[in-house]
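Each value in this text was obtained by applying a stated rule to the coordinates, not by laboratory testing. Computed from a predicted structure; not experimentally measured. When we count neighbours, we look across all protein chains shown, and the Cβ atoms used for this are built from the backbone with ideal geometry, even at glycine.
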Amino acid sequence: MGAWTMAGITFREAARKKFLWMALAAGLAFLLLFGTGLHFQVKSLARTNPLLRRQVLNGMLMVGLYAADLLTVVMAVLISVDTLSGEIASGTIHAIATKPVRRREILLGKWLGFVGMLAIYAAIMVGGVSGLAYILSGATARHLLLGSSLILLESILLLNLTFLCGTMFSTLTNGVLVLGLHGLAFLGGWIEQAGALAHSPRAVDVGVIASIIMPSESLWRRAAFEMQSPLIGAIGLSPFSNASVPSPAMVTYAALYLIAALALALRYFSRRDL
């Protein structure tokens, strides 16, 4: 009960600080921009070969989904980066920790609240992009539910890592470290794809090592593989090539990674001197 109470408090606090409203406004602005761009793209392809037109529009859909993924990941870090480190530094955590609620319940409650926010936000963004693409162009994503689940899993991974770092570092250090690790994963993913296309095993190995250090981008690339048309992935009409696709084993590794991050966050927060 303590954890669920904290989850509700986390929702209300985010609404009071306007986190949710600003994130929602940014998301709606993106959807408006995406819909406008897609509308003009559809008009410009009106006389193109139907097969080519379909693949190009599917490629546009994947670009939109990639942007939705990035927005969800950034939101996961920004809304949670101050929730532990900032409250510990300012002393406001004492107002909660001194009540008959265990520290584990405090952290789990905050985590549940943020996961709920991310699930709603990811559903709005992915659903909005997919809905606009279908209405304006007829383009649809394969295995949309599976791809959406992987996007949510990626955002939860970043959330858990932010919680873990928040138990040890200041807010600024926490944000820089988590976003820096995601940047490493982002760069490693593109190096791996480029290496696979250029038949460079060493470049692929560099990307794999980056994914082991931080597997967030691997989840997106697996989601892209599941959602995009096999044809556009094979011929390169999308920036997400099928030349190097993270395996189910990598997805399992990422899931274990995020579970370990949350478990360590619980352990460190329970033992930390507040």
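Sequence-ordered 3J(HN,Hα) estimates for region 171-176 from the Karplus curve with 6.51, -1.76 and 1.60 and θ = phi - 60° stand at 4, 5, 4, 4, x, 5 Hz, glycine and proline given as x. Residues considered: Trp21, Trp111, Trp220. Largest GNM mean-square fluctuation over the chain, using C-alpha springs under 10 Å, is found at Trp21.
If you wrap the tightest convex hull around every Cα atom of the chain and split its volume per residue, you get 121 Å³.
Along the axis of the charge dipole computed for region 2-271 (Cβ charges of +1 for Lys and Arg, -1 for Asp and Glu, origin at the Cα centre), the listed residues Ala203, Thr171, Ala7 are led at the positive end by Ala7. Cα centroids of region 239-264 and region 1-34: 26 Å apart. Note the angle between two axes, namely the Cα long axis of helix 248-271 and the longest principal axis of the Cα atoms of the chain, as a number of degrees from 0 to 90, rounded to the nearest 10. Result, in degrees: 20. Karplus-based coupling profile of region 37-50, in residue order and whole Hz: x, 5, 4, 6, 5, 4, 5, 6, 9, 4, 9, 7, 3, x, with θ = phi - 60° in 6.51 cos²θ - 1.76 cosθ + 1.60 and x standing for Gly or Pro.
The count of lysine pairs in the chain with alpha-carbon distances below 29 Å, taking only pairs 8 or more places apart or on different chains, stands at 5. By other beta-carbon atoms within 10 Å, ranking Val129, Val245, Val176 with the fewest at the front produces Val176, Val245, Val129. When the Cα gyration tensor is reduced to axis lengths a ≥ b ≥ c, the ratio a/c is 1.5 or higher for region 122-274, and with a/b not above b/c it is classed as oblate. Placing pseudo-labels 7 Å out from each Cα toward the beta carbon at Val74 and Gln41 gives an inter-label distance of 1.9 nm. The Cα trace of region 2-47 gives Rg and Dmax of 18.3, 60 Å, the first to one decimal, the second as a whole number. Sequentially through region 191-200, phi angles give Karplus couplings (6.51, -1.76, 1.60; θ = phi - 60°) of 5, 5, 5, 5, x, 5, 5, 8, 6, 10 Hz, Gly and Pro residues having no value and appearing as x. Around the Cα centre of the chain, unit charges on the Cβ atoms of Lys, Arg, Asp and Glu (plus for the first two, minus for the last two) sum to a dipole of about 440 debye. Within the listed set Ala133, Ala263, Ala254, the Gaussian network model of the chain (springs between alpha-carbon atoms below 10 Å) gives the highest mean-square fluctuation for Ala263.
Report, in whole Å, the centroid distance computed from the Cα atoms of region 35-58 and region 164-181. After rounding, the separation between the Cα centres reads 42 Å.
Note on Thr83, Thr162: ascending count of other Cβ atoms within 10 Å places them as Thr83, Thr162, the fewest first. Compared with the alpha-carbon gap, the fully stretched path from Ala194 to Ala260 is longer by 20.7 nm at 0.36 nm per residue. Using the Cβ-Cβ distance between Thr173 and Trp4 with R0 set to 25 Å, the FRET efficiency from 1/(1 + (r/R0)^6) comes to roughly 0.25.
For n ≥ 4 DSSP H runs only, could you compute -39500 (n - 2.57) per run for the chain, divide by its residues and tell me the 222 nm figure to the nearest 500?
Roughly -27500 deg cm²/dmol at 222 nm, from the helical runs in the chain.
Distant-in-sequence amide contacts of Met214, defined by a placed amide H-H separation under 5 Å and a gap of 5 or more residues or a different chain, comprise nothing. Mind giving me the nanometre distance, one decimal, between the label points for Leu231 and Tyr134, set 7 Å out from Cα along Cα→Cβ? Once both label points are built, they end up 2.1 nm from each other. Each of Arg16, Arg104, Arg54 was scored by other Cβ atoms within 10 Å of its Cβ. Arranged with the fewest first, they read Arg16, Arg104, Arg54.
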